[in-house]
Amino acid sequence: MKMLIPRGILTTLLLILLLTTSNAQYRKEIHIPNILGYQTLKCDFHIHTVFSDGDVWPTVRVQEAWAEGLDVIAITDHIEYRPHSVDMEADLNRPYEVAKPLADQMGIILVRGAEITRNMPPGHLTAIFIKNANLLEREDWWEACVEAREQGAFVFWNHPGWKQQQPDTTRWWPEHSRLMNAGILKGIELFSGDEFYPEALRWAQEKNLTILANSNIHAPSSQAYPSPAAKRPISLVFALDKSESAIKAALADNRTAVLFNDTLIGERRFLTPIFISAIEIKNTKLNLKDQDIKYLQIYNNSDIPFRLHQRQPSIGFSCPEEIILPANRTVSIELTGISEEVEQMTTLKMFYEATNLLTKRGEKLPVNIDVPNK
Ligand SMILES: [Zn+2]
Ligand SMILES: [Zn+2]
């Protein structure tokens with residue numbers, strides 16, 4: 001009797017064979033379109049290693065970042081909290097120096113950073129694009145922050161609503177205003193590790209802070225994100241090119257968005273072009289008639305699923321109230337002609353809001369889909 005193996009299983013078997021017989025490494029590219037002449041860089045600016053309280057060696061952080069499709073990382077070990085200091089040399093620049101040669105080889109931009117780790121206020125602050133982490137080790141947190149500014153650092157407030165430091169409320173302290181007024185504090189984490197801080201979104205909007213989402217990873221990545229569903233949070237940086245100076249300029253200019261748990265938050269000027277570039281209408285012309293049903297095919301070429309809710313009815317035809325455009329999939333949607341008017345329309349206009357795309361004001365992003373009809 002002939003045994004038939006379905007083609008899908010055969011392909012999987014071949015892939016497993018390939019993966020187990022070669023020593024090649026694989027990178028999962030993250031698909032998010034470039035927009036407005038900028039490159040959309042996928043970044044994680046808050047990462048720990050054994051040099052502070054993390055569990056892994058700095059080069060492993062580079063390998064993880066490469067395999068997970070990141071473009072840019074900052075290793076940001078704690079200045080003041082080093083539980084492995086008995087075993088690890090104390091020079092605070094070592095994690096960067098250890099990781100840099102591999103990062104260069106793998107095409108990962110490694111940004112030099114450190115976490116200034118204090119009680120609240122001001123809590124934990126990360127300084128990136130620093131020149132010498134050793135000089136940030138100061139008795140007085142203010143002096144450490146001034147030193148970071150002297151080194152040209154970009155400083156952001158980490159996990160601002162961390163319950164261990166703000167158990168009852170998430171508040172903005174006078175110390176943070178002082179840091180802002182001195183031109184030191186420029187960014188804030190909206191999402192850190194596995195926590196979202198909605199208050200931070202309000203502050204970012206009011207105070208014009210650059211928004212970030214980072215992993216604050218301590219464990220090996222395979223442990224922190226064991227399944228494809230548990231995705232690492234990322235900061236998207238819209239940079240003129242993939243260089244350290246362009247990334248720094250983008251952060252200073254508020255050109256970021258954050259992606260965590262399939263939620264994308266950012267200014268409308270970035271989110272709208274991401275949505276428009278990510279979707280593609282597959283039909284050439286629909287030729288929808290009154291009382292007729294046609295199937296509209298929409299392809300989402302990005303890794304971000306879009307959950308759409310109708311915000312106003314269309315003229316001349318009806319379309320679903322809810323649509324999900326899954327990542328990297330084409331969806332077929334039923335459109336029904338409901339008046340003769342539709343037969344004269346060259347473009348069918350659909351009006352939705354993306355419920356998982358939030359503006360910096362915390363509003364759902366309005367999106368329009370134009371379908372060629374005649
Ligand atoms: Zn921290
Ligand atoms: Zn941290």
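The values are calculated or read from the model by the stated rules, or taken from the named source; none is laboratory data. Everything numeric in this text was worked out from a predicted model, so none of it was measured. Note: ideal-geometry Cβ built from the backbone for every residue, glycine included; neighbour counts use all protein chains shown. We work out accessible area using only protein heavy atoms, side chains counted, and drop any ligands, DNA or RNA first. Shrake-Rupley method; radii C 1.70, N 1.55, O 1.52, S 1.80 Å.
With a simple spin-label model that places each label point 7 Å from the Cα along the Cα-to-Cβ direction, the separation between ALA252 and ALA229 comes to 4.4 nm.
Given R₀ = 22 Å, FRET efficiency for THR170-ASP53 by Cβ-Cβ distance, to 0.05? Display every interim value, and only then the final one.
Details: r = 23 Å, r/R0 = 1.05.
Result of the calculation: an efficiency of 0.40.
Looking at the chain, the DSSP beta bridges with both ends there are about 75 percent antiparallel. Per atom type, region 89-137 shows carbon and sulfur on 45% of its accessible surface, probed at 1.4 Å.
What percent do you get for the relative contact order of the chain when only Cα pairs under 8 Å and 6+ apart count? All intermediate terms of the calculation are to be shown ahead of the outcome.
Numbers: 817 pairs, mean separation 50.2, N = 374.
The value is 13 percent.
Put simply, when 155-164, 97-106, 245-254, 232-241 are sorted by average Cβ atoms within 10 angstrom per residue, most first, you get 232-241, 155-164, 245-254, 97-106. Holding the Cα-Cα limit at 24 Å, pick out from LYS282/LYS360; LYS28/LYS294; LYS207/LYS364; LYS28/LYS242; LYS42/LYS285; LYS289/LYS364 the pairs that are longer than that. Pairs exceeding the cut-off: LYS282/LYS360; LYS28/LYS294; LYS42/LYS285; LYS289/LYS364. Taking every alpha-carbon pair in region 179-314 and binning the separations at 10 Å intervals from zero gives 10, 30, 32, 16, 9, 2, 0 percent. Among GLU189, GLU150, GLU244, which one shows the biggest mean-square fluctuation in a GNM of the chain, springs joining Cα atoms closer than 10 Å? Looking only at GLU189, GLU150, GLU244, the largest GNM fluctuation is found for GLU150.
Dipole magnitude of region 275-372 about its Cα centre, charges +1 at Lys/Arg Cβ and -1 at Asp/Glu Cβ only, in debye to the nearest 20?
On the way: 11 positive and 13 negative charges, 83 e Å.
Approximately 400 debye in magnitude.
Across region 275-372, counting alpha-carbon atoms alone, Rg and Dmax equal 13.4, 41 Å. Rounded to 0.05, the FRET efficiency of the GLU199 and VAL86 pair, given R0 = 25 Å and the Cβ-Cβ distance, is 0.05. Under the rule a/c < 1.5 gives rounded, and otherwise a/b versus b/c splits prolate from oblate, where does region 145-211 land using the Cα gyration tensor? Taking the square roots of the gyration eigenvalues as a ≥ b ≥ c, region 145-211 is prolate. By the gyration tensor of its Cα atoms, with a ≥ b ≥ c the square roots of the eigenvalues, what is the shape of region 64-189: rounded for a/c under 1.5, prolate for a/b over b/c, or oblate? Cα axes put region 64-189 in the prolate bin.
The charge dipole of the chain, taken about its Cα centre with unit charges on the Cβ of Lys, Arg, Asp and Glu (plus for the first two, minus for the last two), comes to roughly 960 debye. Between ASP290 and ARG27, the modelled label-to-label distance comes to 5.7 nm, taking each label 7 Å out from Cα in the direction of the beta carbon.
Solvent-accessible area per residue for region 26-261 at a 1.4 Å probe radius, Å²?
Details: 9490 Å² over 236 residues.
So region 26-261 comes to 40 Å² accessible per residue, rounded to a whole number.
Output the DSSP H helices from the chain with an along-axis C-alpha extent of no less than 20 Å and a mean Kyte-Doolittle hydropathy no less than 0.0. Correct list, ordered by number: 7-21. In the chain, if the dipole is taken from +1 on Lys/Arg beta carbons and -1 on Asp/Glu beta carbons about the Cα centre, which of HIS159, SER85, VAL72 is farthest to the positive end? Farthest towards the positive pole: VAL72. Within region 40-146, none of the chymotrypsin sites (Phe, Trp or Tyr not before Pro) combine a DSSP coil assignment with at most 10 other C-beta atoms in a 10 angstrom radius. With only the Cα atoms considered, the chain has a convex hull volume of 182 Å³ per residue.
Taking label positions 7 Å along the Cα-Cβ direction at both GLU334 and ASN132, the computed distance is 7.1 nm, reported to one decimal.
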